[in-house]
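What follows is a set of notes on a single structure, which appears directly below.
The values are calculated or read from the model by the stated rules, or taken from the named source; none is laboratory data. Note that this is a predicted model, so its numbers are computed, not measured. Cβ sites come from the backbone with ideal geometry, for glycine too, and all protein chains shown count toward neighbours.
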Amino acid sequence: MLNLISISFSLKDETRELALPFIEDWYDTDKKYVLQATSGSTGTPKLIRIKKNQMRASARMTGEFFNLSACENALLCISPEYIGGKMMIVRALEFKLKLYTAPISANPIEVLDFPIDFAAMVPLQVQTILEQNPEKLNLIRYLIIGGAPVSRQLEKQLLEYSCEAYSTFGMTETISHIALKRLNNTNAPFIGIGESSFSTRDGQLTVNSPELGISNLVTNDVVEIIHPHAFLWKGRSDHVINTGGVKVFPEQIEQKLSSHFQHGDYFITSVPDERFGQCVVAIILKNKISKEELMSSCGVLLEKYEQPKKVYVAEHFVYLANNKLDRTGTLRELEFRS
């Protein structure tokens, strides 16, 4: 069985406890897993079946990209209940890596004191590490960051460390990530791993992967195709704001603002508007950003049609169980309190 070692000082290592049942199941005769699809593909969330050979193929695609066969260990610090955590375990199994577990917390490497070859985190974890003990990032050789877009500010901060960091693109249907973007150039595209190729259908990204058995998977992502194996990501079609006939992507606005404001302290969304159909609004965390500061920066950094018409202050943001920001849930709480 895979060698699991905890680096947590906690008496109860929940990451390890969640990982062990999956590893036991992996050696069972069942050839499939049933997982709930994330919001990456079109349509409502649904249960999908993923075959073990697809998971192995995905692990090999990532392993070939990073040459994991030359690595010794990996770190599991995201939940094995979701596809991202499960795939970290499968990669360790496929490439015979020693898998260390760390708490599923905002700062999972707080006590880390030895080198890690390969790790996966969400942006919130990376941001917390940069705030509390950034030198720990130099202990990680390859770091993939997924679950949410990586802000320009976060990308710029990572350049100061030897850690080779990548932003991921993928969803449950693509068995975790299917494309990677090296975080050393803001304008760098996402590059498909393995033989993955990309096109667009009605402006939305379509994915093909012979290794994973994926053919013409239409997603909710709006992209610019650079060539069949690379694309620039613009935003999500289900987040797009149509304000007076102009389509605005919240993610692009957030990227522009991220040079001035901390990732996780704000986000952009929309509310109904009688005149424009929808209007752009900003949600900020109380005591983190002032309305005046935000609006002043928006006037400098954003085009006129991108600028928020209203700013709401939230006591906290709502997050899903997998640490992804729940934009709708946060806005709903604000509307309920008002």
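Structure values in brief
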| quantity | calculated |
| --- | --- |
| Count - residues of the range 214-223 that are out of contact with any Lys or Arg (no Cβ under 8 Å at 6 or more places or on another chain), surrounded by fewer than 21 Cβ atoms within 10 Å (Cβ to Cβ) and in contact (Cβ under 8 Å) with a residue 60 or more places away in the chain | 1 |
| Some residue of the range 255-278 being free of Cβ contacts under 8 Å to residues at least 12 places away in the same chain and either over 22 Å from F118 (Cα atoms) or not hydrophobic (A, V, I, L, M, F, W, C) (or both) | yes |
| Members of the range 247-270 that are in a strand (DSSP E or B) and surrounded by 18 or more Cβ atoms within 10 Å (Cβ to Cβ) | V248, Y266, F267, I268, T269, S270 |
| Within the range 80-134, considering residues that are in contact with a Pro (Cβ under 9 Å, 6 or more places away or on another chain) and among the small types (G, A, S), the one modelled with the lowest pLDDT | A102 |
| Verdict on Y142 being in contact with an Asp or Glu (Cβ under 7 Å, 6 or more places away or on another chain) and either within 20 Å of I253 (Cα to Cα) or surrounded by 17 or more Cβ atoms within 10 Å (Cβ to Cβ) (or both) | yes |
| Residues of the range 306-333 that turn out to be at pLDDT 80 or above and either over 27 Å from V246 (Cβ atoms) or not assigned by TED's automatic domain parsing to the domain that holds D273 (or both), as a count | 5 |
| Cβ-Cβ under 6 Å pairs, at least 6 apart or on other chains, the range 184-208 side basic (K, R), far side surrounded by fewer than 17 Cβ atoms within 10 Å (Cβ to Cβ) | R201/V218 |
| Tally, over the range 256-284, of residues that are of a type in the set (A, V, I, L, M, F, W, C) and more than 14 Å from R327 (Cβ to Cβ) | 4 |
| Every pair of residues 6+ apart whose Cβ atoms lie under 7 Å, when the first sits in the range 302-330 and is closer than 19 Å to K288 by Cα while the second is part of a helix (DSSP H, G or I) and at pLDDT below 85 | Y312/L334; A314/L334; V318/E333 |
| Residue in the range 224-232 that is of a type in the set (G, A, S), assigned to a loop (DSSP other than H, G, I, E, B) and in contact (Cβ under 8 Å) with a residue 12 or more places away in the chain present | no |
| From E211, E164, E155, residue being of a type in the set (D, E) and within 14 Å of the chain's Cα centre (by Cα) | E155 |
| Test for L158: is it without any contact (Cβ under 8 Å) to a residue 40 or more places away in the chain, surrounded by fewer than 23 Cβ atoms within 10 Å (Cβ to Cβ), aliphatic (A, V, I, L, M) and over 23 Å from F261 (Cα atoms) | no |
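Residue-wise test of (1) out of contact with any strand residue (DSSP E or B) (no Cβ under 7 Å at 6 or more places or on another chain); (2) at pLDDT 95 or above.
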| site | (1), (2) |
| --- | --- |
| E155 | yes, no |
| L159 | yes, no |
| A165 | no, yes |
| T174 | no, no |
| K181 | no, yes |
| V207 | no, yes |
| V223 | no, no |
| G235 | no, no |
